[in-house]
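The block underneath contains the structure these notes are about, expressed in structure tokens.
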Amino acid sequence: GILSGFKYANDSGMSEASLKKTLGEDVFNTYKAGFADYAKTGITSILADNKLSFDEARTAVKFGRDYGYDAQKLADLTGTDKKVFDAIFKNYDETTNKIVDSVLGADDVKTNGDRIQRALALEKKYGFTDEDLAKATDFTVDQVKGLLNPVRNFESDYKKLLEDPNRSEDQLKTFLTSSLQNPFLKEKLGDKLQPALDELNKPPRERLLD
């Protein structure tokens, strides 16, 4: 309850002040104290041997992200020097960059479609975010999302559109045209999507004769 409450607040963009108002001060303070104990125990465990593995750094970074805590907030919460968290975040960023470089720059990655596929696999395997990939490449976060979201959402968006009785041909054309502009979808599904788009682009009389 402690963790899910704070994570829900962060995911929904709720400030701690709003959360306090929602829960009431006494309940909020109880949650806050329990949350701090949990955080301190987790971070102490990570730092116990004075060696920081990438998995440990990733755990600490994910913890901070999930609950909306940067290095300073984590330091304040756990009573730990901020330099400790600066080092954890630095370890995470440097290792992430090396992993992304090695995967996206591999010899068998030859096309933009390959890169998109590998980028999605990286996010799934390591829990990397679009922000992580943007940091490790020359892309902005919006550019990363622009390349990955059409692939992530293609199946559900296409199904929803096809099942919508009120959809128009123009909506379907726009969706197919946009999908074919994505390198991965064009490489993997172009032989199916392009004929469907070509058919929609035919004049009604020509379609009737076909």
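The values are calculated or read from the model by the stated rules, or taken from the named source; none is laboratory data. Note that the coordinates shown come from a computational prediction; the quantities given were computed from them, not determined experimentally. Methodologically, a virtual Cβ is constructed for each residue, glycine included, from the backbone with ideal geometry; neighbour enumeration extends over all protein chains shown. Each accessible area value is taken on the protein alone, full model and side chains, heavy atoms only, with ligands, DNA and RNA left out. Shrake-Rupley method; radii C 1.70, N 1.55, O 1.52, S 1.80 Å.
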* Asked: Each label point is 7 Å from the Cα along the Cα-to-Cβ direction; what then is the distance between the points at residue 162 and residue 90, in nm?
  -> 5.2 nm
* Just how much of residue 41 is accessible, in Å², when a 1.4 Å probe is used and the result is rounded to the nearest 10? -> 100 Å²
* FRET E, pair residue 45, residue 8, Förster distance 30 Å, beta-carbon r, rounded to 0.05 -> 0.75
* May I ask you to evaluate 6.51 cos²θ - 1.76 cosθ + 1.60, the Karplus curve with θ = phi - 60°, for each residue of the stretch 42-59 and list the ³J(HN,Hα) values in order in whole Hz, giving x for glycine and proline? => x, 5, 4, 5, 4, 8, 4, 9, 6, 10, 10, 7, 5, 4, 5, 4, 4, 4
* **Length released on extending from residue 187 to residue 173, taking residue separation times 0.36 nm less the Cα-Cα span** => 3.2 nm
* Structure fact -> Of all chymotrypsin sites (Phe, Trp or Tyr not before Pro) in the stretch 1-101, the ones in DSSP coil with at most 16 other Cβ atoms within 10 Å are none
* **Among the listed pairs 73/98; 82/135; 20/62; 98/145; 98/124, those beyond 25 Å (Cα-Cα)** => 73/98
* Asked: List the lysines whose alpha-carbon lies under 30 Å from that of residue 202, not counting same-chain residues fewer than 8 positions away?
  -> 159, 160, 173, 186, 188, 192
* Degrees between helix 183-201 axis and first principal axis of the chain (Cα, 0 to 90, nearest 10) -> 40 degrees
* With axes computed from alpha carbons, what is the tilt in degrees of helix 141-163 against the longest principal axis of the chain, rounded to the nearest 10 within 0 to 90? -> 60 degrees
* With no solvent and one equal point scatterer placed on each C-alpha of the chain, evaluate the Debye formula and give log10 I(q)/I(0) for q = 0.07, 0.12 Å⁻¹, two decimals. => -0.36, -0.81
* Structure fact -> Once both label points are put 7 Å beyond Cα along the C-beta direction, the residue 55-residue 139 separation in nm becomes 2.8 nm
* To do: Could you check the simple spin-label distance between residue 38 and residue 22, using points 7 Å along Cα→Cβ, in nm with one decimal?
  => 1.5 nm
* To do: Report the residue, chosen from 155, 123, 131, that carries the largest GNM mean-square fluctuation when the chain is represented by alpha-carbon nodes joined by springs under 10 Å.
  => 155
* Asked: If each Cα of the stretch 1-115 is one equal point scatterer, what is log10 of I(q)/I(0) from the Debye formula at q = 0.10, 0.14, 0.15, 0.23 Å⁻¹?
  -> -0.40, -0.67, -0.73, -1.23
